[in-house]
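The values are calculated or read from the model by the stated rules, or taken from the named source; none is laboratory data. Please read all numbers here as calculations on a predicted model, not as lab measurements. Please note: Cβ atoms are built from the backbone with ideal geometry, for glycine as well, and neighbour counts cover all protein chains shown.
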Amino acid sequence: MITVTGLAFTYPDGTRALDGIGFHIMEGGSVGIVGSNGAGKSTLVNHLNGWFKPQEGSVVVNGITSGRTNEEKIRKLVGLVFQNADDQLFTARVWDDVMFGPRNLGMDEQESCEEAGRLLRDFGLWELRDKPPAHLSQGQKHFAALAAVLIMKPSVLVMDEPTADLDPRNRRKLIGLVNRLPVTRVTVSHDLDFIWETCTTVVVMNAGRAVASGPAHELLSDRELLERNGLELPLRLQGA
């Protein structure tokens, strides 16, 4: 579904955020991207749906090479849920945020309304559909932003720090929802326990490169590998 080859990116201030990273994500896979602060994770995910364009190397999604001429096609395939939900919610009502994408792309109104209703009920937001997003809790905002992406039926769902600011109950709820989604998933998170529970494969990043990739439980159990790359064992393993 996704092939990243020799991807490099340097910010205007000279910071080399990605330095020739490459990996593959199979259709239907659930991949966790982990690494310490500054490893290049957020820069990478912004390339996966075309927000950033490759300066060197390539990103290919379902046979389409990311670039300025086909960014709309890439964004229809790849849905990105931002780390900060406030960056994604901007209308006067939760309902309008969820329906914004379908309405702007001319999707069938009745079908979209039915899907929006289903998502809002699944996420516990139906009673809040007429509320301004600013009046929601952080957890509720996260679910509203996720619903606004999923209603577009992306082939790939990319989540940047999805458990940030979630309480334990909403975190557990998100794990259950995510694991039932029939899409290819890419998750960037410092929450290695969340990665453990939702991903089958992990890519470990350091200084803009992929330094290891493989089965999630195998790599997340490798204390030496994690510590060498500025990470710690998941909490569930720290007593082992």
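For residues that are in contact with a Ser or Thr (Cβ under 8 Å, 6 or more places away or on another chain) and β-branched (Val, Ile, Thr), scanning just region 62-89, find the one that is surrounded by the fewest Cβ atoms within 10 Å (Cβ to Cβ). Full working, then the answer.
Narrowing region 62-89 to residues in contact with a Ser or Thr (Cβ under 8 Å, 6 or more places away or on another chain): 62, 65-66, 74, 77-78, 83.
In the following step, the residues that additionally are β-branched (Val, Ile, Thr) were identified as 65, 74, 78.
Working: Thr65: 13, Ile74: 22, Val78: 29.
Step by step, filter region 62-89, then rank; the result is Thr65.
Within region 1-60, track down each residue that is touching a strand residue (DSSP E or B) at 6+ places or on another chain (Cβ under 7 Å), in a loop (DSSP other than H, G, I, E, B), closer than 18 Å to Cys199 by Cα and not acidic (Asp, Glu).
Hits for region 1-60 are Met1, Gly28, Gly29, Gly35.
Just checking, does region 79-96 include any residue being under 27 Å from Ala212 (Cβ atoms) and among the hydroxyl-bearing types (Ser, Thr, Tyr)?
Looking for residues that are under 27 Å from Ala212 (Cβ atoms) and among the hydroxyl-bearing types (Ser, Thr, Tyr), one finds none in region 79-96, hence no.
Would you pick out the residues in region 1-23 that are closer than 12 Å to Val186 by Cβ and surrounded by fewer than 21 Cβ atoms within 10 Å (Cβ to Cβ)?
Looking only at region 1-23, we keep the residues that are closer than 12 Å to Val186 by Cβ, and these are 1-2, 4, 23.
The answer is Met1, Phe23.
Take the residues of region 102-135 that are surrounded by 20 or more Cβ atoms within 10 Å (Cβ to Cβ) and touching a residue at least 40 places away in the same chain (Cβ under 8 Å): which is farthest from Asp160 (Cα to Cα)?
Among those residues, the one meeting the criterion is Pro102.
Pairs only if they're at least six apart or on different chains, beta carbon under 9 angstrom, first in region 183-209 and without any contact (Cβ under 8 Å) to a residue 40 or more places away in the chain, second surrounded by 24 or more Cβ atoms within 10 Å (Cβ to Cβ) and of a type in the set (Gly, Ala, Ser); list them, first residue then second.
Here the result reads Phe194/Gly32, each pair linking region 183-209 to a residue that is surrounded by 24 or more Cβ atoms within 10 Å (Cβ to Cβ) and of a type in the set (Gly, Ala, Ser).
Which condition from (1) at positive phi; (2) surrounded by fewer than 22 Cβ atoms within 10 Å (Cβ to Cβ) is the one that Gly40 breaks?
Only one criterion in (1) at positive phi; (2) surrounded by fewer than 22 Cβ atoms within 10 Å (Cβ to Cβ) is unmet by Gly40, namely (2).
Taking strands (runs of 3 or more DSSP E) that fall entirely within region 180-240, which contain at least 1 residues that are closer than 30 Å to Thr10 by Cβ and under 16 Å from the mean Cα position of the chain (by Cα)?
184-188, 201-206
So which residues in region 46-99 are under 17 Å from the mean Cα position of the chain (by Cα) and acidic (Asp, Glu), if there are any at all?
Asp86, Asp87, listed by residue number.
So, in region 187-202, of the ones that are aliphatic (A, V, I, L, M) and touching a Ser or Thr at 6+ places or on another chain (Cβ under 8 Å), which residue ends up nearest to Asn37 (Cα to Cα)? Steps first, please.
Going residue by residue through region 187-202, those that are aliphatic (A, V, I, L, M) are 188, 192, 195, 202.
After this cut, where a residue has to be touching a Ser or Thr at 6+ places or on another chain (Cβ under 8 Å) as well, the list is 188, 195, 202.
On the way: Val188: 11, Ile195: 16, Val202: 17 Å.
Here the residue is Val188.
State yes or no: is Ala92 loosely packed, with under 14 Cβ neighbours inside 10 Å, touching a residue at least 24 places away in the same chain (Cβ under 8 Å) and over 30 Å from Val202 (Cα atoms)? First the steps, then the outcome.
Details: loosely packed, with under 14 Cβ neighbours inside 10 Å: yes; touching a residue at least 24 places away in the same chain (Cβ under 8 Å): yes; over 30 Å from Val202 (Cα atoms): yes.
Answer is yes for this residue.
Among the candidates Leu157, Leu181, which residue alone is under 29 Å from Met99 (Cα atoms) and touching a Lys or Arg at 6+ places or on another chain (Cβ under 6 Å)? Outline the logic, then answer.
Working: Leu181 fails: touching a Lys or Arg at 6+ places or on another chain (Cβ under 6 Å).
It is Leu157.
Within region 155-174, which residues are buried (at least 17 other Cβ atoms within 10 Å of the Cβ) and either more than 19 Å from Ile33 (Cβ to Cβ) or at pLDDT 90 or above (or both)?
Once the filter is applied, which keeps residues that are buried (at least 17 other Cβ atoms within 10 Å of the Cβ) and either more than 19 Å from Ile33 (Cβ to Cβ) or at pLDDT 90 or above (or both), region 155-174 yields Val156, Leu157, Val158, Met159, Asp160, Glu161, Pro162, Thr163, Asn170, Arg171, Lys173, Leu174.
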